[in-house]
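Working notes, beginning with the structure itself.
Quick note: the coordinates plus some simple rules give every number you see, no bench work behind them. It should be emphasised that the depicted structure is a prediction, and the values quoted were computed from it without experimental measurement. So basically every Cβ, Gly included, is an ideal-geometry build from the backbone, and we count neighbours across all protein chains shown.
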Amino acid sequence: MSGKKQGKGTEIWHDGAKFEGNYENDKKHGDGTLYLADGSVYTGEFKNGIIEGKGTYKWINGRQYIGEWKDNKMHGFGTLTWKEGEIYVG
């Protein structure tokens, strides 16, 4: 056994953040959900430990982004929705 996280699992940090999903070579990889300490939640794809692919990010203020991600950032096509109902698609 290599001692590295592999397969499906849960990781919890001291600040209350938590990851539930898949690991490969000790890194988040594949589908998962990241619960951040501030109450925000990302559900979607990870690649080599970072947010990359398609996913949904929900902020505690009600804003939500559904779309593409690259290098932990919104990138490519997606929809950003504000709590007040405003929508940006692009």
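Here are a few things to note about the model shown:
- Straightening the chain between THR10 and THR56 buys 14.7 nm, computed as 0.36 nm per residue apart minus the Cα-Cα spacing.
- Among HIS29, HIS75, HIS14, the largest mean-square fluctuation in a Gaussian network model of the chain (Cα springs under 10 Å) belongs to HIS14.
- For the chain, the relative contact order is 15 percent, taking Cα pairs closer than 8 Å that sit 6 or more residues apart in sequence and dividing their mean separation by the residue count.
- Take the chain and mark each of the GluC sites (Glu not before Pro) that is in a DSSP loop with at most 12 other Cβ atoms within 10 Å; the longest unmarked stretch, sites excluded, is 1-83.
- Computed from point charges on the beta carbon alone (+1 for Lys and Arg, -1 for Asp and Glu), the dipole magnitude for the chain about its Cα centre is near 140 Debye.
- A Stokes-Einstein calculation at 4 °C with viscosity 1.567 mPa s, built on the Kirkwood radius of the chain over Cα pairs, returns a diffusion coefficient of 95 µm²/s.
- Links that overshoot a 19 Å alpha carbon limit, given the list LYS28/LYS73; LYS4/LYS54; LYS4/LYS47; LYS18/LYS47: LYS4/LYS54
- Charge sum, other residues only, whose C-beta stays under 9 Å from GLY49's C-beta, Lys/Arg counted +1 and Asp/Glu -1: +2
- GNM flexibility winner over the chain from GLY78, GLY16, GLY30 (Cα, springs under 10 Å): GLY16
- Extension gain, THR81 back to ASN25 (0.36 nm per residue minus Cα-Cα distance, nm): 16.7 nm
- Length gained on full extension, LYS47 to ASN72, computed as 0.36 nm times the residue gap minus the Cα-Cα distance: 8.0 nm.
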